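Student: I'd like to ask some things about the structure below.
The values are calculated or read from the model by the stated rules, or taken from the named source; none is laboratory data. The structure presented is a predicted model; accordingly, all values stated were derived computationally and were not measured. Cβ: placed from backbone, ideal geometry, glycine included. Neighbour counts: every protein chain shown.
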Amino acid sequence: MSLQVFNLPDLGEGLTEAELVNWLVKVGDDVRVDQPIAEVETAKSVVEVPSPYAGVVARLHGEAGQTMDVGKPLISVRAVDDQTAPNVPAPSRPDGGNEIPSAADGPGILKPPSPAVSSPASSAGHAGPVAPEGSGNVLIGYGTSGHGAGGRTRPRKTSQLQPAQVAAAQVPAAQVPAARRPAAPQVISPLVRKLARDNGLSLSVVDGTGPLGLILRRDVEAALGGQPKENPLHVAPALAGQPRPAAVVDPKSGLEVLSRTPLKGLRKTVAANLSRSRSEIPEATVWVDVDATALVQMRQQLKKAEPSGRAGSTPGLLAFIARFVTAGLQKFPELNTRVEGTDEGTDIVAFDGVNLGFAAQTDRGLMVPAVRHAEKLSARQLDAEIRRLTAVARDGKASPAELTSGTFTLNNYGVFGVDGSAAIINYPEVAILGVGRIIDKPWVVDGQLAVRKVTELTLVFDHRVCDGGTAGGFLRFVADAMENPGSLLADL
C-alpha cells in the first residue's frame, strides 16, 4: 500500500513543538501538493502547514488543541493510484481546466527558506496533474523535486464560483465531486479562527461575506448572535438534567478548583525565557525622572507643520525615544551584547549594529518584534517599522526571525497607565529600557516651580557585562536627549 506519512516539520528557530489549532482537511478528503492541511500555533506565530504529498487523507494523527512534537506523524496520505483508494472524480475548474486554485496562495502559509529533501508528491491517476517542477512550498525535510527555482509553470488562477456552484456546497458531501467540495472554511486571519474557537463556534456553519466567501470577523460575531464569550477559566455548567461533576478541592487552600490550564505555546516559551533570565542574569536597576516637555512640544510643532497631503506622518514619541536609544547604544555598546557559554568559558558577544526590540501587546500575549539595524534608521523610518511590526505581530504573522533577533529591548509600559516597572531582561539580551507614562508633574525650572511633562526611565541591565557607571551613563544620555531633543537630533 502506498501510504505516505507526513511528520510535523521543523518550523524553524529551534522550536520543538506546536499546538494543533485546527484541521483544514478530514479523513477521505483529497489533498494536493501545497494545500494547507492544518493550522498550528507555535510559540512565535500561527501558521498553516502545507502538504508535500498529493492523494487521499488516510489518517489525522492528532486533535485540535493537542500539542504535537516536531518529527512526529501529523497526517497520513494514501496515493490515489492505490487500489484501496476511493474512486474520486477528477477535479475541474469552472472554466473547464484541471487545476484547482490552492489555498496555499493565501497569507500566513509556512514557507521556510531552507533546502528540503525531495519527496514524492504525486501519483499516476491523481485527480488533477501536478506540475513537474514540484511544490512551491518547501518544508524542512520535505518537498518536491524541481528543475530550477521556478516551482510552477504558470500562476494559480483565482476561483470565481457561480451561484449554482455555491448552492452545490449545500448538497451532502457524498453527492458532491471532490473538486467542488471545499477543503476547509475560507478563513485567513488567525484572530478570526481564535474568536470562533474561544466561543465554541464551528466555522463550517459561518457564511463568509468577504471576497469569494472569505469569513471575516464580523461574520463570526454575527453568527455568535451576541452570545457571551465563554471564560476558559471556568468549568462549563452541567447540562440540563445532569448532575454537576464532583468538585475538586485544592488541598493547600481548601478552595474548589475551577479549571486547570496547561502552560503551552507562547505562554510556555515566555515563562521559560523569564525564568531563565531571573536564574542566570545578575540584574541591577537604575532609573531617572525626565522632563519630556521639550520633546512633546517638538512633536506638536512638527505635527502643525505637516503638509496637507502628509497628515499623520509625524513620528510618535516612541520612535524619537528609539532613535535616542540607538544613539546611546553606539556610545555604550556594552549594553548591546550577549553572554554566551563556550567550552572554554563565558564570552561577551558584541554586534555590529542594533536590532531594537520593542514590547507589543497582542491577543496571544506580549511579543517583542525587532527592528533590524535600527541604528541606520531615522525617527520617521523607525516609526514606520514599529507600526508595521506591531501590526504583523498582532495578526499572528510575525516571522520567527522578527521575534527572536533583538539585541536590546525598549518597553513602553506607559501605555498601560503605569509610571515604572522593574522589568525582566528579555533573555538572552543583557538590558531593557522601560518608559513610563508622560504626565503633568510639578518641576523646578530655573529655580521656579512649574508644571512639566514628566516621565520615568528605568534601565535593567546584566551586571556581568558592565558596572553602574556604564548603565548610568547610557540612561543619562537618553534622558538628556529627551530633555533637549533638538541638540541631539541636529547631530544625527
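Student: Would you pick out the residues in region 409-454 that are acidic (Asp, Glu) and touching a strand residue (DSSP E or B) at 6+ places or on another chain (Cβ under 9 Å)?
Tutor: Hits for region 409-454 are 419, 429, 440.
Student: Give all pairs with beta carbons closer than 8 Å in which a residue from region 338-349 that is assigned by TED's automatic domain parsing to the domain that holds residue 427 and within 15 Å of residue 466 (Cβ to Cβ) meets a residue that is polar (S, T, N, Q) and at pLDDT 90 or above; count only pairs at least 6 apart in sequence or on separate chains.
Tutor: 338/407; 339/346; 348/337; 349/337
Student: Please identify the pairs in which a residue from region 381-405 that is without any contact (Cβ under 8 Å) to a residue 24 or more places away in the chain has its Cβ atom under 7 Å from the Cβ atom of a residue that is in a loop (DSSP other than H, G, I, E, B), counting only partners at least 6 apart or on another chain.
Tutor: From residues that are without any contact (Cβ under 8 Å) to a residue 24 or more places away in the chain, the pairs are 385/377; 392/398.
Student: If you don't mind, another one. Can you tell me which of (1) modelled with pLDDT of 75 or more; (2) within 26 Å of the chain's Cα centre (by Cα) is the one residue 194 doesn't meet?
Tutor: (1)
Student: Please verify whether region 271-283 includes one or more residues that are part of a strand (DSSP E or B) and in the same structural domain as residue 439 (by TED's automatic domain parsing).
Tutor: Yes, the conditions are met somewhere in region 271-283.
Student: May I pose another question? Please tell me if residue 279 is in contact (Cβ under 8 Å) with a residue 12 or more places away in the chain and either on the phi > 0 side of the Ramachandran plot or not hydrophobic (A, V, I, L, M, F, W, C) (or both).
Tutor: no
Student: Could you tell me whether region 231-249 includes any residue that is farther than 21 Å from residue 364 by Cβ and modelled with pLDDT of 85 or more?
Tutor: yes
Student: When the residues of region 284-308 are filtered to those that are part of a helix (DSSP H, G or I) and under 33 Å from the mean Cα position of the chain (by Cα), which remaining residue is surrounded by the most Cβ atoms within 10 Å (Cβ to Cβ)?
Tutor: 295
Student: Here's a follow-up. Please find, among 436, 469, 414, 447, the residue that is crowded, with 20+ Cβ neighbours inside 10 Å, free of Cβ contacts under 8 Å to residues at least 40 places away in the same chain and over 17 Å from residue 370 (Cβ atoms).
Tutor: 436
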